[in-house]
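S.K.: Pasting in a structure now, in structure tokens, and then I'll have a few things to ask.
The values are calculated or read from the model by the stated rules, or taken from the named source; none is laboratory data. The structure displayed is predicted, hence computed values, not measured ones. Positions of Cβ are generated from backbone atoms using ideal geometry, with glycine treated the same way; all protein chains shown enter the neighbour counts. Quick note on the areas: whole protein, heavy atoms, side chains included, nothing else; ligands and nucleic acids left out. Shrake-Rupley method; radii C 1.70, N 1.55, O 1.52, S 1.80 Å.
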Amino acid sequence: MTSAGKGIAFSVFLLFTVLNNAFAQRIIFSFSSLTGTQSPLWVAKEAGFFKQHGLDARLVYIPGGSVVVQAMHSGELQFGVSGPAAVIRGNLGGADFAFVAVGSNKIDFVLVTAKHITNVQDLKGKRVGVGRFGGGPDYSSRIVFEKLGLKPERDINLLQTLGGQPTRLAILQSGAMEGVVITPPFTLQAKQLGFNLLLDYSKVIPHYFSSGFIATRKYIRENPQIVENTVKSLTDAMRYVFSNEDGTIKIVGRYMKITDEAFLRSYYREALLEQINRTLQPDPKAIEFILEEERKTNPAAERVKPEDFMDTRFLDKLR
């Protein structure tokens, strides 16, 4: 190819790139926790899958699924990451959210306690930090403690903590609380510090996904192509997570502000790959479990079924 030809080809490439960026659909996508179960979203951004599918995605960190639901309801966000409780309660109250994909079909919360707390009954009268009230750690903790015979507020003090999991772990270190609810890899750090990993919530709640990708049904109706491209981006990112250890731990480390490569590799191999959902398909049993809990106090939950909270048409097209 002549120099002139090369110049023309390069100019066409630049023009295509500029036009592609100019027509990229902008979306704001929130994530609610600095945990690896949300890594497919981070990978979709950092490895370029959103851009590849014509999306200009901005990621924002908003701790707590209940806060994410409020922001999406107001129209500030197009997509978010949330557990099932906040979505179900929002919809029962008149919202119209739907899970378009699910990053994890396993509850990943762990109750971590001070060294002198060796069983759950030792927590009677003690303080446990659960993040924001109404969020996943708080909601699931109330279910777990009830199942274990401890009534929140009467037998155990569940306290709201702001600032995310690093803050909760710091509170536990300070001695201000006897227990906190966190997830890997913070559990690995807690173990290194000598705290007790007292209770894995998945042993008590077998069906409960911890991070789903949500949008409002109104947004889905009005922007089906954007939603489809978003799901494609997340699907590509999930494949990347399972096939590219080096790239994944770099991205996870950047978002979680962890620089210890050996620690990140251990987390990736021993915890992360077990937590995330390779297919991104939601587990209807997980939603039904939450509905059963809601039906105890909310008659509106009797009139809905798990499928009312899911929209898997975009995932189904990729099978």
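S.K.: Considering only protein heavy atoms, what per residue accessible area in square angstrom results for the chain with a 1.4 angstrom probe? Show your work: numbers first, answer last.
M.R.: On the way: 14560 Å² over 319 residues.
The answer is 46 Å² per residue.
S.K.: For Leu162 and Arg127, compute 0.36 nm times the residue count separating them, minus their Cα-Cα distance, and round to one decimal in nm.
M.R.: 11.1 nm
S.K.: Hey, another quick one. Would you compute the Debye intensity of segment 13-147 from its alpha-carbon atoms alone, equal scatterers and no solvent, and pass along log10 I(q)/I(0) at q = 0.19, 0.21 Å⁻¹ to two decimals?
M.R.: Once normalised to I(0) and log-transformed, intensities are -1.12, -1.27.
S.K.: Where does each of 284-292, 82-90 land if you order them by average Cβ count within 10 Å, highest first?
M.R.: On the way: 284-292: 18.4, 82-90: 25.7.
Taking the mean over residues of other Cβ atoms within 10 Å, the ranking is 82-90, 284-292.
S.K.: Further, regarding this structure: Can you tell me how much longer the chain between Leu197 and Asp316 gets when fully stretched, taken as 0.36 nm per residue apart minus their C-alpha distance, in nm with one decimal? Before the final figure, lay out each step's value.
M.R.: Working: separation 119, 0.36 × 119 = 42.84 nm, distance 3.81 nm.
Result for the pair: 39.0 nm of gain on full extension.
S.K.: From largest accessible area down, sort Ser66, Ser243, Ser140; use a 1.4 Å probe on the protein chains. Working shown, then result.
M.R.: On the way: Ser66 25, Ser243 95, Ser140 0 Å².
Putting Ser66, Ser243, Ser140 in descending order of accessible area: Ser243, Ser66, Ser140.
S.K.: If R₀ is 30 angstrom, what is the calculated FRET efficiency for the pair Arg58 and Ser266, using the beta carbon separation as r and rounding to 0.05? Intermediate values should be presented prior to the final figure.
M.R.: Values: r = 31 Å, r/R0 = 1.04.
Approximately 0.45, to the nearest 0.05.
S.K.: Please compute the length gained on full extension between Thr118 and Glu245, using 0.36 nm multiplied by the number of residues separating them and subtracting their Cα-Cα distance. Display every interim value, and only then the final one.
M.R.: Numbers: separation 127, 0.36 × 127 = 45.72 nm, distance 3.55 nm.
Length gained, Thr118 through Glu245: 42.2 nm.
S.K.: Return the carbon/sulfur percentage of the accessible area of segment 184-319, one whole number, probe 1.4 Å, all protein chains in place. Don't jump to the answer; show the numbers that get you there.
M.R.: Working: 3250 of 6740 Å².
Ligands and nucleic acids excluded, carbon and sulfur give 48 percent.
S.K.: Along the Cα-to-C-beta direction of His73, a point sits 7 Å from the Cα; which residues of segment 101-145 have their amide N less than 19 Å from that point?
M.R.: 132-140
S.K.: How much FRET efficiency would the formula 1/(1 + (r/R0)^6) give for Gln225 and Val304, where r is the Cβ-Cβ distance and R0 is 25 Å, rounded to 0.05?
M.R.: Working: r = 28 Å, r/R0 = 1.13.
That pair, Gln225 with Val304, gives E of 0.35.
S.K.: With only alpha-carbon atoms counted, please give the Rg and Dmax of segment 116-241, in Å.
M.R.: Radius of gyration, then largest Cα-Cα span, for segment 116-241: 18.0, 55 Å.
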